[in-house]
Amino acid sequence: MNKNRRLHRSIRTFALSLCFVLFGCSSPQQDTADGRTEITYWRTLTGGAGDAQDELAEQFNDTQDVATVSVEFQGGYGDLAAKLMTAAAGGTGPDVTQLGTFEIREFARAGLLVDLTDYINGVSGIDTSDWPGTMLDAGRVEGGLYWLPFNVTVPVLYFNADAFAEAQIEDPPETWDTLFDLAESLTTRDSNGNVIRHGLALWESTWPLLSAIWSEGGEITSPDYANITLDHPVTVALYSRLQELVNSGAAIVPAKASGGHRAAFTSGRAAMILDSPAPYAEILRQSSSFKPKVANYPAGSQGKIYAPGGGGIAMLARTPTDQRETAWSFIRYLLQPEQIAYYAKRSGYCAFTTSAQVVGEAWLAEPNRKVIHDALPHLRGDFSVNMSPAIRNAFDDAFRRILIRGEDVVTVLREADEIAERYIQRELAPR
Amino acid sequence: MSAKSQRREWLTFLLFAGPNLIMFGLFTYWPILYSAYLSLTDWNLIAATPVFVGIKNYADLATDPETWRVTGNTIIYAVCVVVSAQIIAFALALLLHRPIPGRTLFRTLAFTPYVTTTAAAALAWVLLLDPRLGPLSTIYGLLGVEGPDLLRSGTGSLVAIIVVGSWKEIGIATIFFLAGLQTIDRSLHESASLEGAGSWAQTRFITIPLMTPVIFFLALSGFIAALKTFESVYMMTEGGPVYPDSSTYVFHLYKTGFRDFRAGLASALAVLFFALTVLMTAAQFRFARLWVHYE
C-alpha cells in the first residue's frame, strides 16, 4: 500500500514537473514586471560597432517607460541571417533586427519582414528629406519598404604613410591605374627576392572591386537582373591587372582565418588595403609600427562611383500587431540625427544624413573622418549584386578562382556569367 | 503475475522510460522523419510551405560535381585522420606505458588536445600554419625561403584540416590504447621474452593482436566522428580557398541549407549522409571479422 502511494506521488510529481516545463516553453512573456513591453533586438558586429548598439538600446530604455529593449548578439551577418531563418521557421525570433543587405529581398518576398512604409510616413514617422535617396531605395522590394539603413559604410583606402614617404610618394592614388602602379612601387623584397611588404593586400570580397568596375564604366548586372554582364570588358581588364599584381607579389589575398587583409596591413606586411570605415578604430589602434592614413577610393574614367555597404534595421513580421508601434519607436529612435551621429562616432560607420553630420560637426572635422564622409556623395545606392545570391556567389567564386587559384580570367568570368544567368531564373521565379 | 501488478510494472516502465521516449521522439526521431519529408521538397526555410518535388533533389545531387567532391574529401579526411591518429596514439601509448619519469604529466599532455575546443584549436593552428605570422615563419626566415601557404592551396587546405583532426583525435586514442595495454597479461610478454622474442616481435605478435578490439572500437568511433567534421572547416577555410577544395560533407550540408537557403536539397544531403554512415559502419563490422581478435 505504502509502495503504491509512493508510486502515485512520483507520478504526480513528474506530471507537475512536465507541466512546468511545458508552460515554461510556451509563448514568451512580452511584458516585463514593471509593465513595460519587452522588445527583442538582434544585432551583429563586434567592438565599438556592437557596443554602440547596446548603448543606444540602454539610452532608449532610459528615455521612456513604455518599452524595454533587450539586445542579443547573434554573430556575423551570415550567422544572424541563418538564425533569423531558423527562428522564423520555428515561429520565434526577435521583434527588430539588424540586417545586412544580402537578405533584404529574399526575406521581404518570403513575408518575414514588416512593410515600414506606413510607419515612416505616419504621424510618428521619420523625416528622410536629408537622407541619401539611394540608400532608402535599398529597402524597397516590390512596392514595400522593408529595411532602413543604419550602419552605412563607404569604401575607404587605408595606406601606410611611412611606406609612402619611404617610396617618395606624396599623395594617395587618384586613379585606379595609379593605385595598381603604386602597388608595385611600394612592394619591398629581401636579398633573396622574397617579399617583405606587399604593395596591396586584397580583401577576400568583391565589394571593393564593384567601385572600381562601376567607376571605369563596367557593370555586373542591371538592377532588375535582366542584363547580367559578369564578363564585361572592364571587369576582365581589372581582374587581369590584379592577377598580374598577385603573380608578381605586389598584391596578395591573405586568408581570412589568419586575419585577412586587415592583419596584413596593421602588421606592416601590406602598404595599402581597400576597405570600409567599419574597422577604422581598430586599424588605427593596431597599426602601431607606422602611421596609417585614409583616403577615398580612386576615380575611374567615369569619375568616383562607390558601392555602398553596411547594414540596416528591419522589423520582423512575427511581432504582434499591438507591439509594432513600440518596436517602431525603437527603430525611429535609432534613426534620429543624434543617434546616427553617436553611432558613427563610436563605431567608425558614417553619419549618413546631413542633420547627423551637423550634430557630429566637431568630431567630423578630424581629417580622417572628413575623408570618410567626403565619399558619401559618390555612393551609388545599388545593392543588386548583394541582394542576389546567384550573382554574388558567381562573382565571389570568380574572384577566388582568378586571384587565388590563378585561373584564366576570360574563361572564369564567362563561366561565372553563365552560372549567374542560370540561377537567377530560380531566384526571380514567383513565390 | 496478476493483471494489477503487470499494470503497475508498465506504469513504472513508462514513468522511467517515458521522459526519454518523449525527448527522443521530439528531438531525434521526429526531425529524422521530417528531414526525410523535406528532402522531397523545394523549400527556402522561410516560405510558408515547402513545394513537393519528388526525387528531384536526389537527382540534382547525383549530377552535381560538388556532391561527389565533398564526399570524396570527407572520406579522404576520415581515413587519414583515423589512420594517422591511431598510429601516433599507439606509439605514444607504448611509450607512456613504460615507467618513465613524468609519466602522469605526459599522459595529461597527450590528452589535452581532446579536451581543447575545436574552434580555439583551429584558430591556433591557423596561426601556426601561417607562413608569415606563426612560428614557422621564423624557420622559413632562417632558411631564406617563402614557406608554403597551406590554407591558400587546394590540397594544402585539406591537409591542414586533416592535421588538426588527427591532432584532436590523438589524445582520446592514446588513453584507450593505454587502458588496453594495461589489460594485457604480463606473463605473455615474460614467456615470449624467455623464448627469446625481442621487443618488436612481442609488439607485433602479442600486443597488436590483443589490442585489435581497441583498434576496432577507435576506428569505428573515430571514423563516424570524422565523417561529421564541421567546426575546423568552418573556422579555418570555409571550404576554400576555392569552394569546395576543403569542404566536408557536413559543412556542405550547412552551406546548402543556411547560406544558399536550399533546405530541401540540404535535407536530401542529410538523408544520404545517414545512409553513407550506416553503410560505412556496416562495412567496418564486416571486415572486422577478418582482423579483430577477441580473447
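Screening the candidates A:L334, A:L316 for the property of being open to solvent by less than 30 Å² (accessible area, probe 1.4 Å), touching a helix residue (DSSP H, G or I) at 6+ places or on another chain (Cβ under 9 Å) and within 14 Å of chain B (Cβ to nearest Cβ) yields one hit, A:L316. Just wondering, is there one or more residues in the range A:287-304 that are closer than 26 Å to B:T237 by Cβ and within 25 Å of the chain's Cα centre (by Cα)? No: the range A:287-304 contains no residue that is closer than 26 Å to B:T237 by Cβ and within 25 Å of the chain's Cα centre (by Cα). Only one of B:T108, B:T174 is of a type outside the set (A, V, I, L, M), away from chain A (no Cβ under 11 Å), open to solvent by 60 Å² or more (accessible area, probe 1.4 Å) and in a helix (DSSP H, G or I). Can you tell me which? Just one listed residue meets the conditions, B:T108.
Looking across the range A:56-75, the residues that are in contact with an Asp or Glu (Cβ under 9 Å, 6 or more places away or on another chain) and open to solvent by 30 Å² or more (accessible area, probe 1.4 Å) come down to A:D65, A:T68, A:S70, A:V71, A:F73. The single condition from (1) without any contact (Cβ under 8 Å) to a residue 24 or more places away in the chain; (2) under 30 Å from A:A429 (Cβ atoms) that A:N192 fails is (2).
Can you pull out every residue in the range A:169-219 that is open to solvent by 20 Å² or more (accessible area, probe 1.4 Å) and β-branched (V, I, T)? If the condition is that a residue be open to solvent by 20 Å² or more (accessible area, probe 1.4 Å) and β-branched (V, I, T), then A:I169, A:T175, A:T178, A:T187, A:T188, A:V195, A:I196 are the ones that fit. Does B:I162 satisfy the condition of being among the hydrophobic types (A, V, I, L, M, F, W, C), out of contact with any Ser or Thr (no Cβ under 9 Å at 6 or more places or on another chain) and either modelled with pLDDT under 85 or closer than 12 Å to B:S232 by Cα (or both)? In short, no. The residues of the range A:262-286 that are in a helix (DSSP H, G or I) and over 22 Å from A:G50 (Cα atoms), listed by number, are A:A264, A:F265. Applying the set (1) modelled with pLDDT under 95; (2) in a helix (DSSP H, G or I); (3) farther than 24 Å from A:D162 by Cα to A:I213 leaves exactly one unmet item: (1).
For the range B:17-33, a residue qualifies if it is surrounded by 11 or more Cβ atoms within 10 Å (Cβ to Cβ) and of a type in the set (F, W, Y), and the qualifying residues are B:F24, B:Y29, B:W30. Restricting attention to the range B:242-274, the residues that are assigned to a helix (DSSP H, G or I), of a type in the set (S, T, Y) and either surrounded by fewer than 21 Cβ atoms within 10 Å (Cβ to Cβ) or facing another protein chain (nearest Cβ under 9 Å) (or both) add up to 1. When the residues of the range A:60-77 are filtered to those that are in a helix (DSSP H, G or I) and in contact (Cβ under 8 Å) with a residue 24 or more places away in the chain, the one that is farthest from A:F150 (Cα to Cα) is A:T63.
Of the residues making up the range A:87-110, those that are of a type outside the set (A, V, I, L, M, F, W, C), within 14 Å of another protein chain (Cβ to nearest Cβ) and either more than 25 Å from A:A49 (Cα to Cα) or in a loop (DSSP other than H, G, I, E, B) (or both) are A:G90, A:G91, A:T92, A:G93, A:E103, A:E106, A:R109.
One line per residue, one yes/no per condition, for (1) basic (K, R); (2) in contact (Cβ under 8 Å) with a residue 40 or more places away in the chain:
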residue	(1), (2)
B:R152	yes, yes
B:S166	no, yes
B:G171	no, yes
B:L181	no, yes
B:R186	yes, no
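Taking the range B:143-158 as the region of interest, how many residues are hydrophobic (A, V, I, L, M, F, W, C) and open to solvent by less than 40 Å² (accessible area, probe 1.4 Å)? Residues meeting the conditions: 2. Hey, among the residues in the range B:229-238 that are touching a residue at least 40 places away in the same chain (Cβ under 8 Å) and part of a loop (DSSP other than H, G, I, E, B), which one's farthest from the other protein chains (Cβ to nearest Cβ)? Selected residue: B:T229.
I'm checking my understanding of the structure. Among residues of the range A:142-158 that are open to solvent by 10 Å² or more (accessible area, probe 1.4 Å) and more than 14 Å from chain B (Cβ to nearest Cβ), which one is nearest to B:I46 (Cα to Cα)?
A:E142
Could you grab me the full set of residues in the range B:48-105 that are open to solvent by 80 Å² or more (accessible area, probe 1.4 Å) and under 30 Å from B:F261 (Cα atoms)? Across the range B:48-105, the qualifying residues are B:A48, B:T49, B:V51, B:F52, B:I55, B:K56, B:T63, B:P65, B:W68, B:R69, B:I76.
Listed here are the residues, each with its yes/no results for (1) small (G, A, S); (2) within 14 Å of chain A (Cβ to nearest Cβ); (3) under 18 Å from B:G180 (Cα atoms).
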site: B:V81; (1), (2), (3): no, no, no
site: B:Q86; (1), (2), (3): no, no, yes
site: B:H97; (1), (2), (3): no, no, yes
site: B:I100; (1), (2), (3): no, no, no
site: B:T118; (1), (2), (3): no, yes, no
site: B:L128; (1), (2), (3): no, yes, no
site: B:P135; (1), (2), (3): no, yes, no
site: B:E146; (1), (2), (3): no, yes, no
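Residues of the range A:271-293 that are within 12 Å of A:A161 (Cα to Cα) and either of a type in the set (D, E, K, R) or open to solvent by less than 10 Å² (accessible area, probe 1.4 Å) (or both): A:A271, A:M272, A:S287, A:K291, A:K293. When A:I120 is tested against the conditions (1) at pLDDT 90 or above; (2) crowded, with 16+ Cβ neighbours inside 10 Å; (3) farther than 25 Å from A:G381 by Cβ, the lone failure is (3).
Within the range A:244-261, the residues that satisfy the criterion of being open to solvent by 30 Å² or more (accessible area, probe 1.4 Å) and either assigned to a strand (DSSP E or B) or in contact (Cβ under 8 Å) with a residue 40 or more places away in the chain (or both) are A:V246, A:N247, A:S248, A:K256.
Per-residue answers, yes or no, for (1) closer than 23 Å to B:R107 by Cβ; (2) part of a helix (DSSP H, G or I):
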{"position": "B:G180", "(1), (2)": "yes, yes"}
{"position": "B:I184", "(1), (2)": "yes, no"}
{"position": "B:A201", "(1), (2)": "no, yes"}
{"position": "B:L210", "(1), (2)": "yes, yes"}
{"position": "B:L220", "(1), (2)": "no, yes"}
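Look at (1) under 13 Å from A:A183 (Cα atoms); (2) touching a Leu at 6+ places or on another chain (Cβ under 7 Å); (3) away from chain B (no Cβ under 14 Å) and you find that A:V246 fails only one, number (3).
With respect to A:L45, determine if the residue is within 15 Å of A:Y349 (Cβ to Cβ) and not aromatic (F, W, Y). Yes.
Each row is one residue, and each column tells you yes or no for (1) more than 29 Å from A:M272 (Cβ to Cβ); (2) at pLDDT 95 or above; (3) more than 22 Å from the chain's Cα centre (by Cα).
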position: A:A307; (1), (2), (3): no, no, no
position: A:R318; (1), (2), (3): yes, no, yes
position: A:Q323; (1), (2), (3): yes, no, yes
position: A:F330; (1), (2), (3): yes, yes, no
position: A:L335; (1), (2), (3): yes, yes, no
position: A:I340; (1), (2), (3): yes, yes, no
position: A:S347; (1), (2), (3): no, no, no
position: A:T353; (1), (2), (3): yes, no, no
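The values are calculated or read from the model by the stated rules, or taken from the named source; none is laboratory data. Keep in mind it's a predicted model, so treat the numbers as computed, not measured. Neighbour counts are summed over all protein chains in view; Cβ atoms, including those assigned to glycine, are modelled from backbone coordinates with ideal geometry. These accessible areas exclude ligands, DNA and RNA; they are computed on the full protein's heavy atoms, side chains included. Shrake-Rupley method; radii C 1.70, N 1.55, O 1.52, S 1.80 Å.
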